[in-house]
Amino acid sequence: MRAQFPEFRLGKVLATSFTATLTERCGDAVERIPAPNRLVDWLAVSGLAVESCTTAQLERARELREAIHAAATAAARREPLPAPAVQVINDVSIQGRASAVVTPEGKRQWRLTSASAVEDALGVIAADAIDIITGERDGKLALCASPTCRAAFFDTSQSRTRKWCEMNTCGNRQKKARFHARTGGETLDQ
């Protein structure tokens, strides 16, 4: 029987969705890519299908994930970007071999080489991170207001005032906590 893994948190921005493969960073952390086959699964649902992944490639992916998180967090706080994180993102971006193509619907899609390698997919993620960190895309990097989460996310709302990485998880959790604090934990009988 295959072990049950936590569900992926997929957003509209590739780089910040990738950093969400580790959630609750300031609480009880949840690793969503604990094994190479889970990275293969995440890449597939993100449009970057690869055939296989080694343990070393998984470790490189995690290194990239943490570099993106560190750089995005610094950018959201308007602090200098950490040089080691920038170096990792740049190195991974340079190593990837992928091409952007236009779909019949007018959307950009990434095409990996025929011998799709994890490094190519990570290069696409690194390039996406560069776009959002440098302000090349319309939106704003922000940090989740949840004290246990603090995930970096890319806010594309019209007002750019979003507070939560995901309203259905962090936002609802915070609303419930405030409600219970106000009511003393009482619930209504149904």
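The values are calculated or read from the model by the stated rules, or taken from the named source; none is laboratory data. On a predicted model such as this, the values are computed, not experimentally measured, just so you know. Cβ: placed from backbone, ideal geometry, glycine included. Neighbour counts: every protein chain shown. Side chains are part of the model used for accessible areas, which takes the heavy atoms of the whole protein and leaves out ligands, DNA and RNA. Shrake-Rupley method; radii C 1.70, N 1.55, O 1.52, S 1.80 Å.
A few remarks follow.
- Magnitude of the charge dipole, the chain, Cβ model with Lys/Arg +1 and Asp/Glu -1, debye to 20: 640 debye
- Between helix 55-76 and the chain: long-axis angle, C-alpha atoms, 0 to 90°, nearest 10: 60 degrees
- Column: log10 I(q)/I(0), Debye, Cα scatterers of the chain, q = 0.11, 0.14, 0.15 Å⁻¹: -0.53, -0.82, -0.92
- Convex hull volume of the C-alpha atoms in region 1-87, normalised per residue: 112 Å³.
- Carbon plus sulfur fraction of accessible area for the chain, probe 1.4 Å, in percent: 51 percent
- C-alpha center-to-center spacing [region 93-113, region 19-56] in angstrom: 21 Å
- Using the Cβ-Cβ distance between Ala29 and Thr134 with R0 = 35 Å, the FRET efficiency computed as 1/(1 + (r/R0)^6) comes to roughly 0.80.
- Positive-end extreme of charge dipole, the chain - chosen from Trp110, Ala121, Ile132 (charges on Cβ): Ile132
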